[in-house]
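The values are calculated or read from the model by the stated rules, or taken from the named source; none is laboratory data. Owing to the predicted nature of the structure, the values given are computational and were not obtained by experimental measurement. Methodologically, a virtual Cβ is constructed for each residue, glycine included, from the backbone with ideal geometry; neighbour enumeration extends over all protein chains shown. Please note that ligands, DNA and RNA were not included when accessible areas were found on the heavy atoms of the full protein model with its side chains. Shrake-Rupley method; radii C 1.70, N 1.55, O 1.52, S 1.80 Å.
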Amino acid sequence: SQTIHQWPATLVQPVGSPLSLECTVEGTSNPNLYWYRQAAGRGLQLLFYSVGIGQISSEVPQNLSASRPQDRQFILSSKKLLLSDSGFYLCAWSTGEELFFGEGSRLTVL
Amino acid sequence: GEDVEQSLFLSVREGDSSVINCTYTDSSSTYLYWYKQEPGAGLQLLTYIFSNMDMKQDQRLTVLLNKKDKHLSLRIADTQTGDSAIYFCAESKYSGNTPLVFGKGTRLSVIA
């Protein structure tokens with residue numbers, strides 16, 4: 001069966017520090033991969049999605065970036081975090097009609 | 001443009017039915033989804049409906065789609081305290097391979 005893992009689950013970082021959130025999917029091949037952010041009262045915002053290795057589409061201009069070094073690995077990064085980057089980050093995967101989410105990574109930037 | 005709207009809060013008594021409503025603007029939406037999010041967790045896919053259907057039932061869940069009015073609803077029969085969560089409506093033009101557009105979520109509170 002397919003599973004999705006993302007880590008770390010919780011992260012507290014100072015402003016200006018770098019960020020790396022990792023997501024991996026098991027049990028499937030060539031999935032579409034997504035990063036969403038959930039900020040309080042603002043629902044889910046699509047940040048990046050990828051249809052294949054090295055192919056990244058950005059939905060919102062910001063100081064975050066994404067990479068897909070392997071078929072089932074999706075990484076969200078930042079060189080310098082801002083206070084506004086705080087939120088709940090969700091990785092998701094899909095190979096058809098259904099979209100499945102990881103358990104999320106809560107980032108607090110102080 | 002794409003926009004999905006939901007009311008933010010709903011409170012019901014245990015044992016009653018809950019109806020969570022959603023409207024969307026994109027008439028080319030092909031799939032419409034309901035997700036459930038419990039505190040501190042990711043989103044769990046509850047059910048989805050293809051746009052050529054007007055109803056789908058799965059145990060206590062009933063999804064109704066009015067494509068003409070671009071209105072989607074989720075009915076939970078015999079609501080339990082374990083149903084307390086945030087429910088997200090989402091739409092997609094083609095399939096899950098196309099990024100979903102989500103509403104802001106409806107927080108359902110079940111009163112014992």
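Observations, loosely collected:
- From the C-alpha gyration tensor of chain B, square roots of 5λ in Å: 23, 14, 12
- Local electrostatic count, residue A:53, Cβ distance below 13 Å [Lys/Arg +1, Asp/Glu -1]: +1
- With contacts taken as Cα pairs under 8 Å at a separation of at least 6 residues, chain A carries a relative contact order of 36 percent.
- Each Lys and Arg contributes +1 and each Asp and Glu -1, all at the Cβ; summed about the Cα centre of the protein assembly as shown, the dipole is approximately 380 debye.
- Area buried, chain B against chain A - accessible surface, total, 1.4 angstrom probe, square angstrom: 1600
- Rounded, prolate or oblate (a/c below 1.5 giving rounded, otherwise prolate when a/b exceeds b/c) for chain A by Cα gyration tensor: prolate
- The 1.4 Å probe gives accessible areas that order A:5, B:71, largest first, as A:5, B:71.
- Quarter the surface of the alpha carbon convex hull of the protein assembly as shown and you get the mean projected area, 12.2 square nanometres.
- Charge dipole (Cα centre; +1 on Lys/Arg Cβ, -1 on Asp/Glu Cβ; no other charges) of chain A amounts to roughly 400 debye.
- Within 10 Å of each Cβ in A:43-49, the average number of Cβ atoms from other chains: 5
- Filter on B:67/B:93; B:36/B:70; B:70/B:93; A:79/B:36 - keep pairs with C-alpha separation over 23 Å: A:79/B:36
- Shielding of peptide A:89-100 by partners, expressed as the average count of other chain Cβ atoms within 10 Å per residue Cβ, is 5.
- Peptide packing for A:89-98, A:62-71, A:26-35 was compared via the average number of neighbouring C-beta atoms within 10 Å per residue; ordered from the highest value, the list is A:89-98, A:26-35, A:62-71.
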